[in-house]
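Only the coordinates and a few stated rules stand behind these numbers; no lab work does. Here the structure is a predicted model, which means the values were calculated and not measured. Positions of Cβ are generated from backbone atoms using ideal geometry, with glycine treated the same way; all protein chains shown enter the neighbour counts.
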Amino acid sequence: MKLLITSGGTREAIDPVRYLSNGSTGKTGAALASALVKLGHDVTLLHGAGATLPIEQVTTELYVTTEDLRTKLQTQLSGGTYDAVIMAAAVSDYSPETVAAHKINSDEDTLTLRLVRNPKILPQLRGFSPRPIKVVGFKLTVGADQSAREEAVRNQFEKAGVDVVVQNDLDEIRSSDEHLFRWFSSADECRDLSGVTTLTAALDDFLQEEPA
């Protein structure tokens, strides 16, 4: 199957040398891309600046900003050749309202930065493709209990129209040697997956399923 995977984080410019970003390394997306290629899938990876790259032969393309990622997703999907999108990128919810034309003076004691909300990309993906595609969303929480996790996942199902949500929690990632993922096939159906290898197997099984 032909798969489009996103990984890493976006960068939103403040001035020519500064930007807002996040701590995403892109390791999970890169590992999934490598593993899925080994299973025979045709994979293209859209990765953020500085993100980990796959070790296997994977077609890669760099994105920088949220809008850049959205444009590249639209361009890739508009050809109608992809079967699924795995959206593992950490996308900025906000961007600076204006970008300074010159480097901001660092002598000021305080600096006020006004942010505006970025349009959500995930709900747009199916509209980019002229043929039906499967969509896998990722949801990162921080220190969330079961109720908060389920609410975050339910929100993604309802607002983004994804087929599957892969949820993980930053506190659990930092406190464990094995990366724990939770696989939600619906807002009320969840199973735990330990490590990228197990997640890859779940993704491969899901991709082989006939559409409902």
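Observations on the model:
- Set the Cα radius of gyration of the range 155-195 against 2.2 N^0.38 Å, with N its number of residues, and you get 1.25.
- Here is the list for the range 1-72: GluC sites (Glu not before Pro) lying in DSSP coil, each with at most 14 other C-beta atoms within 10 angstrom of its C-beta, are GLU56.
- The alpha carbon centroids of the range 96-111 and the range 24-61 are separated by 35 Å.
- Interchain or long-range residues, amide H under 5 Å from THR59's placed H: VAL43, LEU45
- Among ARG126, ARG174, ARG154, residue whose mean-square fluctuation peaks in a GNM of the chain (springs only between Cα atoms under 10 Å): ARG174
- For the range 71-149, the equivalent ellipsoid derived from the Cα gyration tensor has semi-axes of 33, 21, 9 Å, listed largest first.
- Ordered by the count of other Cβ atoms within 10 Å of each Cβ, fewest first, PHE206, PHE184 give PHE206, PHE184.
- D (Stokes-Einstein, µm²/s), Kirkwood Cα radius, the range 109-193, 1.306 mPa s at 10 °C: 109 µm²/s
- Anchor LYS134: lysines whose Cα lies under 27 Å away (excluding residues fewer than 8 positions away in-chain): LYS2, LYS27, LYS38, LYS72, LYS120, LYS159
- Each of SER7, SER175 was scored by other Cβ atoms within 10 Å of its Cβ. Listed from fewest to most, they are SER175, SER7.
- Its relative contact order, with pairs defined as Cα atoms under 8 Å and 6+ residues apart, puts the chain at 18 percent.
- With neighbour counts taken as other beta-carbon atoms within 10 Å, the residues ASP204, ASP145 rank, fewest first, as ASP145, ASP204.
- Among (i) 26; (ii) 69; (iii) 40, the entry derived from the coordinates for percent of Cα pairs over 29 Å apart: (i)
- Annotation: amide H-H contacts under 5 Å for ASP169 (H modelled 1.01 Å from N, sequence separation of 5 or more, or interchain): THR141.
- Comparing mean-square fluctuations of GLY23, GLY80, GLY195 from a GNM of the chain with C-alpha springs under 10 Å, the top value falls on GLY23.
- The dipole here belongs to the chain: it is taken about the Cα centre, uses +1 on the Cβ of Lys and Arg and -1 on the Cβ of Asp and Glu, and is about 600 debye.
- In sequence order, the range 49-61 has phi-based couplings of 4, x, 6, 4, 9, x, 8, 8, 6, 10, 6, 10, 8 Hz under the Karplus curve 6.51 cos²θ - 1.76 cosθ + 1.60, θ = phi - 60°, and Gly or Pro positions carry x.
- Shape category assigned to the range 25-75 from the gyration tensor of Cα positions, a/c cut at 1.5: oblate
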